Amino acid sequence: MQEDLRSFLAKAERSGKLQRIRREVDPKFELAAVLKKIQTTSGKVALFEKVKGYEMPVVSNVFGSREILALIFDTVPEDVVREFVSRRERQIKPVLVRDSPVKEVIKTGEEASIQALPLVTHCEKDNGPFVTAGIIITRDPQTGIRNVSINRMMYKNENTLGCRMMPPQHLGIIQVKAEEMGKPLEVAVAIGNHPIELLVASTTLPFGYDEFDLAGALRGEPLELVKCETIDLEVPAGSEIVLEGEILPNVREAEGPFGDFMQCYIPVMENHVFKLKAISRRKDAIYQTIQASSLEDMHLLGLSREADVYKAVINTGAKIKAVSLIPTILSCAISIEKQFTGEPKNVAAAAFGCYSWLKYCVVVDHDVNVFDINDVWWAMASRSDINKGLFVMEHARGFPRDPFNIHSGKLAIDATAPLNCWGEFERKRIPGEESINLQDYL
Ligand SMILES: Cc1cc2nc3c(=O)[nH]c(=O)nc-3n(C[C@H](O)[C@H](O)[C@H](O)COP(=O)(O)O)c2cc1C
């Protein structure tokens, strides 16, 4: 059997990166509150063993730190982006398998109920519980090409979920096509997946590319898929739970509010409606949830975009060391070995050009840790020259949900030291500080 969520959890536990939560938690707010504590302290993967009112455990924070990302890619934290860039070069098509543990329990029609799942309510003003880690799989009704994405789904009743999907997001484009043909759009929602599948679902490929080919590339082997029971789609064979159903044509209903990735509530909007046809799952299924705006969410959304920025900066001829879109994905820090004065502006222009959501880009020297926002601030304070080092782009394309028109400007900050003045800017260090173990001195 191929690597799945369970084998990854076992790997995380062996590496000391899994936190079991043994006390029972309420899926309404309490689980999210404990999760947030873990996210802001240890950053470990969180496995909630007992969830009030449900048999199923709940897992979250599978992307809670760069160390966990490194575990996914079997590398060190500094090399995760380079590894992503090199692995994605050779796409590998998925293969179909006959059997999967996700078929251990199958409920169709009236027997199928979303109520069986420990859906989590994360935030105070969320309109009830949401599915937040569901990988939505569908096919373009004209071309037959598969699309895979993550979209939040709001609980409405035992067989109905609300779902937000808007063009230019590909699921939205595909739904419009189906609607124009007067057809419901068949979708499968796979929950409880190996991190690679979540990552590819959060990656925007050019329209018409199958994200599961990217999963093969990142895994280094074809992703195994299994057929659905009631719809003409395939899902990852390693999934814990699969909802099968369809998005109704010409139906929109109130959905939201929902505390989203920018840490604000998305207001109530008229959004799409998913009708359940079947649920299949493992006997001892693990439910998965993601807290919007957490570091996990940012890593999921950020990694493929960091890879794009990395590639674009390399193409300028720059000697890039690292790039980070954490903690907001609308701002980025890039470290380089500067070769000429003005190079940070070329670097920032490349980043803005390849990733339109980017609003701020800070370029720092190679001795600055871009994964440590304190270090980036230090570089800005101690090395940037505001008179020469700013570069503003007005009215460019920015983050698309922008009702107040505040996201279309871009600012780059050159926070590198002046060229050939390293003697004045080299950071002081204490010999041996890296290897000190304080316990030895206590
Ligand atoms: C946890 C999570 C929840 C998301 N929810 C939504 C959503 O509700 N609507 C949406 O348009 N995009 C959402 N996204 C972003 C899309 O999944 C992502 O942009 C994806 O690449 C879009 O797929 P596409 O390339 O097929 O358009 C979410 C991403 C994550 C990580």
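The values are calculated or read from the model by the stated rules, or taken from the named source; none is laboratory data. These numbers come from a predicted model, not from an experiment. Virtual Cβ from ideal backbone geometry, glycine too; neighbours counted across all protein chains shown. Keep in mind that these areas ignore ligands, DNA and RNA; they rest on the heavy atoms of the full protein, side chains included. Shrake-Rupley method; radii C 1.70, N 1.55, O 1.52, S 1.80 Å.
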Report summary line: Residues of the range 298-328 being near the ligand (Cβ under 10 Å from one of its atoms) and open to solvent by less than 20 Å² (accessible area, probe 1.4 Å), in sequence order, are MET298, HIS299, LEU300, GLY302, SER304
Report task. Return the only residue of ILE290, ILE231, ILE279 being crowded, with 23+ Cβ neighbours inside 10 Å, more than 10 Å from the ligand (Cβ to nearest atom) and not small (Gly, Ala, Ser). Result -> ILE279
Report task. Kindly provide the set of residues from the range 158-168 that are near the ligand (Cβ under 7 Å from one of its atoms) and open to solvent by less than 60 Å² (accessible area, probe 1.4 Å), ordered by number. Result -> ARG164, MET165
Query raised in the report: Does VAL392 satisfy the criteria of being assigned by TED's automatic domain parsing to the domain that holds PHE352 and in a helix (DSSP H, G or I)?
Result: no
Requested in this report: Go through the residues of the range 113-132 one by one and say whether even a single one is touching a Lys or Arg at 6+ places or on another chain (Cβ under 6 Å), of a type outside the set (Asp, Glu), touching a residue at least 60 places away in the same chain (Cβ under 8 Å) and closer than 30 Å to LEU218 by Cα.
Outcome: yes
Requested in this report: With the condition kept exactly as written, say whether any residue in the range 378-397 is touching a strand residue (DSSP E or B) at 6+ places or on another chain (Cβ under 8 Å) and closer than 23 Å to PRO77 by Cα.
Outcome: yes
Report task. Those residues that are touching a strand residue (DSSP E or B) at 6+ places or on another chain (Cβ under 6 Å) and among the hydrophobic types (A, V, I, L, M, F, W, C), I need them from the range 293-313; list them, please. Result -> VAL309, VAL313
Query raised in the report: So how many residues does the range 216-228 have that are outside any loop (DSSP other than H, G, I, E, B) and either within 13 Å of the ligand (Cβ to nearest atom) or open to solvent by 40 Å² or more (accessible area, probe 1.4 Å) (or both)?
Result: 3
Query raised in the report: Of the residues that make up the range 270-291, is at least one aromatic (Phe, Trp, Tyr), over 21 Å from THR160 (Cβ atoms), in contact with a Ser or Thr (Cβ under 8 Å, 6 or more places away or on another chain) and assigned by TED's automatic domain parsing to the domain that holds LEU199?
Result: no
Report summary line: ILE373 meets each of (1) touching a Ser or Thr at 6+ places or on another chain (Cβ under 8 Å); (2) under 30 Å from PRO267 (Cβ atoms) with one exception, condition (1)
